[in-house]
Ligand code: ADP
């Protein structure tokens, strides 16, 4: 095990279900790695605890080895052994937990979407804490993320502080309040929590069903710090409309609740050094962007006859949150306006996946549109580099990373003004915004008309004023979306919480 820090920084342990690039479904994976690296750079000791999935990208783990220890953890009335692996991912030390449970919890060929997800991740949350206890770690902060590791908060206070793992403050970040991890109250007992004691309105009871518990609610109640991933989303979830049933809980814990905009990992997302690209380029030398556009067109079999034909990209999970009806509409509208469209997306919802497969088949040999309906990290990089515009017409968006990645690659975002999009994309034509912040095209109403207006304005600029467009591209590429300032905000919250704990224990 890594020893405790000898330097002055904090010891921070993230317990999470995702970490880019080894185990990533969406933005959560990017955040764990990006925030972790930024905090490490600031001098803190950062460690990560992850499940050992069968479907991880193992080639991105350096020095992976099994430790000569077995951690036993309680579940469903008995103890199960867990093999512990260590390795380094993106310079961060990671513990991987491999349960020796007959349920083969993390050998399912996918991260989520299994019938027993609640069981799998409540199990994982418990072993993660058992590991910290066993390894005699004394972290200052245990940072858990989303419903999958929300169990860590009540488990820590109810079971692990009494066992002596008591040095930490708990920080919980909710990356999306749509996913709350609810189940019949009795299922909570599997991981050793007391369902009778916790199934109360002021604890873990779901706000709309008194026989169910809600793990995200539990983490809001039992954590010292609760954050979400942008200031606007933090406001939205405090309303009945945006809180998905948790607004009252969030409001009654508002003192410890904050919205911090995610950054992006500017090493992993850097057009000047990105090996997935045909040609690297930078804000001061954007010629390479055109070569990537050409390479993408060739790769996907799109027409290259017109260099200045705008290429519109979309990279997303295809779920209702992302505005699938507007994405579908955008394909047709882009073609009507004379552009090209590339969609990279996949859907966990079978009827949405089928619907897009049908559309994809219709455009199979089309010269100007292509749908690639899978998850493909390498192709995503090339699309960011190749596209002139990227659409993000979300119905709601806790933070959103694709708009920031797009800007770093000189692709101008066309985004709906909601959540984190509202905190990072500012309309080129909005006179109320200082000129230096204006970086994209936005719309408010989530309908075709609203979207069309933003898309058409973008096309007008692109078609009529090449010089101004080039300036947009260079300006967006030079904007700072790194983790620096956001990591400082987390650091400040951690330090305040640690200080409060120390003051309280002295008095
Ligand atoms: P969410 O977390 O809701 O999925 P975000 O915008 O926060 O949305 O993060 C999406 C991340 O996942 C980005 O890094 C984006 O590039 C990536 N991504 C989404 N869909 C795909 C896909 N089909 N192939 C490759 N990367 C994808």
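Taking every DSSP helix (H) stretch of at least 4 residues in the chain, weighting each as -39,500 (n - 2.57) and dividing the sum by the residue count yields a mean residue ellipticity at 222 nm of -10500 deg cm²/dmol.
Compactness ratio of the chain: Cα Rg over 2.2 N^0.38 Å, N = residue count?
Normalised by 2.2 N^0.38 Å, the Cα Rg of the chain equals 0.99.
Working from Cα pairs under 8 Å separated by at least six residues, relative contact order for segment 14-144 is 25 percent.
In whole angstrom, how far apart do the alpha carbon centroids of segment 111-128 and segment 311-331 sit? One Cα centre to the other: 30 Å. In segment 103-190, inverting the average of 1/r over every pair of distinct C-alpha atoms gives 13.8 Å as the Kirkwood radius. Going from the residue with the fewest nearby Cβ atoms within 10 Å to the one with the most, 227, 503 rank 503, 227. Set against the 2.2 N^0.38 Å expectation for a compact globular protein, segment 336-439 has a Cα radius of gyration ratio of 1.18. In terms of the mean number of neighbouring beta-carbon atoms within 10 Å, the peptides 339-346, 485-492, 281-288 order highest first as 339-346, 485-492, 281-288.
Each part reduced to its alpha carbon centroid, segment 149-202 and segment 402-434 end up 37 Å apart.
Based on C-alpha pairs under 8 angstrom that are at least 6 apart in sequence, segment 68-217 has a relative contact order of 20 percent.
When only Cα pairs below 8 angstrom with a gap of at least 6 residues are kept, the chain shows a relative contact order of 12 percent.
Ranked by the mean number of other Cβ atoms within 10 Å of their residues, highest first, the peptides 30-41, 107-118 come out as 30-41, 107-118. Reported value for segment 99-255: 120 Å³ per residue, from the convex hull of its C-alpha atoms.
A crude spin-label estimate for the pair residue 166 and residue 305, with each label 7 Å from Cα along the Cβ direction, gives 7.7 nm. Beyond 16 Å, the tail of the calculated P(r) for segment 187-287 holds 67 percent of the Cα pairs. The distance separating the Cα centre of segment 16-44 from that of segment 352-377 comes to 30 Å. Summarising the strand pairing of the chain, around 35 percent of its internal DSSP beta bridges are antiparallel. Peptides 21-29, 350-358, 387-395, 177-185 ranked from most to least packed, by the mean per-residue count of other Cβ atoms within 10 Å: 387-395, 21-29, 177-185, 350-358.
FYI, it's all coordinate maths here, none of it is from the lab. Everything numeric in this text was worked out from a predicted model, so none of it was measured. Ideal geometry is used to build each Cβ from the backbone, glycine not excepted, and the neighbour counts take in all protein chains shown.
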